[in-house]
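Below you'll find the structure, written out as structure tokens, and then a few comments.
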Amino acid sequence: MNRKMGKSLATGLGFAGALAFAFAGGHARAQAPAGAKPKSTQEQFKNIQVLKDLPADQLIPAMQFIAASLGVECEFCHVQGAMDKDDKQTKKTAREMMLMMMAINKENFKGNREVTCFTCHRGANDPVGTPIISDEPPKPEAENEAIAAKPLPTADEILDKYLQAVGGREAVEKITSRVEKASLSVPGGPEVPIDIFAKAPDKRISMMHTRDGDSITAFDGHQGWLSNPGRPVRPMTEQESNVAGLDAQLHFAADVKQLFTSFLVRPAEKIGEHEAYLVRAIKEGKPPVRLYFDTESGMLVRMIRYTETPLGRNPSQVDFADYRVADGVKIPYRWTLARPGQRFTIQVSEVKQNVPVEDSQFAMPAPPPAPPKAN
């Protein structure tokens, strides 16, 4: 297994629950001990010159946003194994670009983050400055107007149809636990076995069994935590926990209206071979969640979530497919999880529901005792 593939598999399950352990080379994110004041980036890392006053755990998501915006790996700017060095001109240029972006937003958009790295780069390390000639002609204006004028169902109608499509409220709420055996794969890579345990209303743990040990993503109903082979267990950041908590909603179809404060319906978009209504689910103080429901079946076929970084939002996308009935409820047996530059597929092979699952299984392990001080 090559280094890049190994890294992808090692981070795959963490990504399934949250944007987890995914910095190049497996660098751990800074995490302050419980009760301690969080460190700033300049306290935690060496040679931080622009993003120096941020909480330390925001630096890696910001770097991930840059990498996704430019379509590059970390070594594009950094020296592998010596991230603090300034040997590469691209790193110096990146600092200048961040300062320019911040100045544009401050001077033109009242400090709101309207311009980001992606605004110009669009996934390429060279900014896009010339209009692109499309292979397809633009749609006639009349067609666009017809699409905009087409009446849309309400959010309640879409969400109610979804609940009925999966089996109805009574059937959904009868499920108190779910245990799944599955495998995770990346394009061209080997399959890795996974065990997933969920318990109503919002507890979930996924254990990916790698050659080096188990990679774990868990949410205990209040807080998420992560464990990777050879690394200490760590609690998730608040934003990671928000995403993991959403994944952990066992009765999502029945509870979705209570999980968000408002919804906006947008015209249908093509997802694969089918049209799907877009519902923007909004909760105050959180990034919106984009939910796509098949216009015919009513099933949820895609969910896009975002985590905020100091430079822009990192997206993650989950496509749901292979719906099958299990104990009167339709559930997806295949999830495809993607973000810029990475894609994973989880295929379920076995499902057991309403089996005993102890709450203690979701609890974060206590840290190992500190070694005794030498006399």
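For the chain, modelled as a GNM whose springs connect Cα atoms under 10 angstrom apart, the maximal fluctuation among Gln361, Gln89, Gln164 occurs at Gln89. Cross-link partners of Lys270 among lysines, defined as those whose alpha carbon lies under 17 angstrom from its own and excluding same-chain residues fewer than eight positions apart: Lys139, Lys150. Once the C-beta distance of Lys352 and Asp214 is scaled by a Förster radius of 25 Å, the resulting FRET efficiency is 0.80 to the nearest 0.05.
Label positions at Glu96 and Asp327, each projected 7 Å from the Cα along the C-beta direction, are separated by 6.1 nm. A Stokes-Einstein calculation at 10 °C with viscosity 1.306 mPa s, built on the Kirkwood radius of the chain over Cα pairs, returns a diffusion coefficient of 70 µm²/s. Name the residue from Ile331, Met101, Ser177 whose Cα lies farthest towards the positive end of the charge dipole of the chain, charges +1 on Cβ of Lys and Arg and -1 on Cβ of Asp and Glu. Going by the Cα projections, it comes out as Met101.
For the pair Thr336 and Glu107, a Förster radius of 45 Å applied to the C-beta separation gives a FRET efficiency near 0.65, rounded to the nearest 0.05.
Between Lys270 and Gln361, the FRET efficiency from the beta-carbon distance, with R0 = 41 Å, is close to 0.50. Whole angstrom only: what separates the Cα centroid of region 173-244 from the Cα centroid of region 288-308? Cα centroid to Cα centroid, the span is 21 Å.
How high is the relative contact order of the chain, in percent, with contacts defined as C-alpha pairs under 8 Å that are six or more residues apart?
Working: 659 pairs, mean separation 62.3, N = 375.
17 percent.
Checking the Cα-Cα distances for Lys52/Lys92; Lys52/Lys91; Lys39/Lys110; Lys39/Lys92; Lys39/Lys283; Lys174/Lys352 against a 18 Å cut-off, the pairs over it are Lys39/Lys110; Lys39/Lys92; Lys39/Lys283.
From least to most packed, judged by other beta carbons within 10 angstrom and beginning with the fewest, Asp135, Asp156 follow the order Asp135, Asp156.
Ellipticity at 222 nm from helices only: DSSP H runs of n ≥ 4 in the chain, each -39500 (n - 2.57), divided by the residue count, give -8000 deg cm²/dmol.
Read-outs throughout are calculated quantities, based only on the coordinates presented, and are distinct from any laboratory measurement. Computed from a prediction, not measured in an experiment: that's the story for all the values here. Cβ: placed from backbone, ideal geometry, glycine included. Neighbour counts: every protein chain shown.
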